Structure formats: structure tokens, C-alpha cells
Amino acid sequence: MTVPKNDPAVRAFRDTLSMFPTGVTVITARAPSGEPIGLTVSSFNSVSLTPPLVVWSLSGHLPSVPIFENAEVYAINILADDQQDISQRFASRGDDKFAGLAFTEGLDGVPVLPGCCASFQCRQYARHPGGDHVIFIGEVVRFERDVAKKPLLFQGGAYQRLA
Ligand SMILES: Cc1cc2nc3c(=O)[nH]c(=O)nc-3n(C[C@H](O)[C@H](O)[C@H](O)COP(=O)(O)O)c2cc1C
């Protein structure tokens, strides 16, 4: 049975989850055509140090699911607190989210966004079904950080900054 998203119990669950503050990432990859793709994701977290593993989850109804499932490599870009516009851009439906946006190329040409706090380039390690989401576990093969930047935060359904 599918429970509608506007069900009061689902809304209450979601609102309660939103009390947990997270950072904001944009996860990027290359479609088979070579086109860069990406979306805003807050479900990122660490899993293991050896091997270096991270986790994130992708809503199962999104058109990018088969692209991420088939991508050997993806990048997790941790947004800085002056990149709220980038978060909004990648959280909106749009044919060309990368229009006018500079990026560098990492492993296998994966797009890496400039100006971020940190980034992790990952190889697919495992995927698991997770209810209405697909859980991705990535093995980190490259990472970098800019200690001068502060992270963008998300809590209570709104963007926040470190005090
Ligand atoms: C702060 C924030 C966090 C988000 N986190 C996730 C997430 O963890 N997983 C997910 O599937 N969608 C998440 N989304 C929603 C996607 O970014 C949004 O559905 C986006 O439009 C998907 O890209 P697409 O429309 O190109 O498929 C988040 C959105 C915002 C604003």
C-alpha cells in the first residue's frame, strides 16, 4: 500500500526528522551521453574509515535513479554557506542545471563544483533498497577540503548557518 506524502502521519514524521540538522551536498555524475547531472542531497553521511565509505539516499521516483545506478563514479560536493543558490538550482527540476556554471573534472570526468567546503569522489560500492528511496554506498577514492569555508546547513525545512 502506498501512503500519500500529504498524509498527516507522514508529514509529522518528516517534520520530526527535520529537527536533525544536516549539511547540504550536490551529488554529481555523468549520464551515459556524457551530460553532467546533479541534485541537492542532505541524506549524506559517513559509514566506514577503512575502507572509506559514505552513504546517501535517492528518492526512487526521480528520473536520475537509473543514471546514478549505472554510474561507476559520482562526486559528493559539500556546499559552503555562500552556496544556497547552488542548492536551490540543483533542487529544482531543470533540463540544464549546469548552464553557466563552472566545474572541474575529476575521476572519469565526474563534475566537481568549485567553491565548496569539501568534495568526495566515489566509486559505486553497494546499493540497497530503502523503502521509497535507493540507498547508495560509495567508496571514496579522492577527497579535498577548504578549511577557510563554513558549511551550509539545513534544519527545520530551512537553510541555516553556523553561529
Ligand atoms: C536541502 C535539500 C535536501 C535534499 N535531499 C535530498 C535527498 O537526500 N535525496 C533526494 O532524493 N532528494 C533530496 N532533495 C530533493 C532533490 O534535490 C529534488 O527532488 C531535485 O529536484 C531532484 O533533481 P531532479 O528534479 O533533476 O530529478 C533535497 C532537496 C533539498 C532542498
message: Against the condition polar (S, T, N, Q) and buried (at least 17 other Cβ atoms within 10 Å of the Cβ), how does residue 92 come out, does it pass?
response: no
- prompt: Just wondering, is there one or more residues in region 61-73 that are within 12 Å of the ligand (Cβ to nearest atom), farther than 26 Å from residue 112 by Cβ and not in a loop (DSSP other than H, G, I, E, B)?
  reply: no
field: Residue within region 108-125 that is assigned to a strand (DSSP E or B) and without any contact (Cβ under 8 Å) to a residue 24 or more places away in the chain present
entry: no
- prompt: When you go through 159, 125 one by one, which is the residue that is of a type in the set (Ser, Thr, Tyr), farther than 16 Å from residue 26 by Cα and at pLDDT 95 or above?
  reply: 125
statement: Within region 1-54, of all residues that are among the polar types (S, T, N, Q) and touching a Gly at 6+ places or on another chain (Cβ under 9 Å), the one farthest from the ligand (Cβ to nearest atom) is 28
- line: Here the qualifying pairs (Cβ atoms under 9 Å; residues six or more apart or on different chains; first in region 4-17 and without any contact (Cβ under 8 Å) to a residue 24 or more places away in the chain and outside any helix (DSSP H, G or I); second surrounded by 11 or more Cβ atoms within 10 Å (Cβ to Cβ) and hydrophobic (A, V, I, L, M, F, W, C)) come out as 4/10
task: Search region 39-81 for residues being in contact (Cβ under 8 Å) with a residue 60 or more places away in the chain and among the acidic types (Asp, Glu), and hand back the single one that is surrounded by the most Cβ atoms within 10 Å (Cβ to Cβ).
output: 81
- prompt: Going by the structure shown, is residue 57 outside any strand (DSSP E or B) and under 13 Å from the mean Cα position of the chain (by Cα)?
  reply: no
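Yes/no per residue for (1) among the acidic types (Asp, Glu); (2) part of a loop (DSSP other than H, G, I, E, B); (3) within 25 Å of residue 21 (Cα to Cα):
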{"residue": "86", "(1), (2), (3)": "no, no, yes"}
{"residue": "95", "(1), (2), (3)": "yes, yes, no"}
{"residue": "102", "(1), (2), (3)": "no, yes, no"}
{"residue": "134", "(1), (2), (3)": "no, no, yes"}
{"residue": "142", "(1), (2), (3)": "no, no, no"}
{"residue": "148", "(1), (2), (3)": "no, yes, yes"}
- prompt: Applying the selection to region 59-74, what residues are touching a Leu at 6+ places or on another chain (Cβ under 8 Å) and either aliphatic (A, V, I, L, M) or over 14 Å from residue 125 (Cβ atoms) (or both)?
  reply: 62, 64, 65, 73
task: Consider only pairs whose beta carbons are under 7 Å apart and that are at least six residues apart or on different chains; among these, list those whose first residue lies in region 90-104 and is under 13 Å from residue 27 (Cβ atoms) and basic (Lys, Arg) and whose second residue is within 9 Å of the ligand (Cβ to nearest atom) and in a helix (DSSP H, G or I).
output: 97/90
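The values are calculated or read from the model by the stated rules, or taken from the named source; none is laboratory data. Here the structure is a predicted model, which means the values were calculated and not measured. Virtual Cβ from ideal backbone geometry, glycine too; neighbours counted across all protein chains shown.
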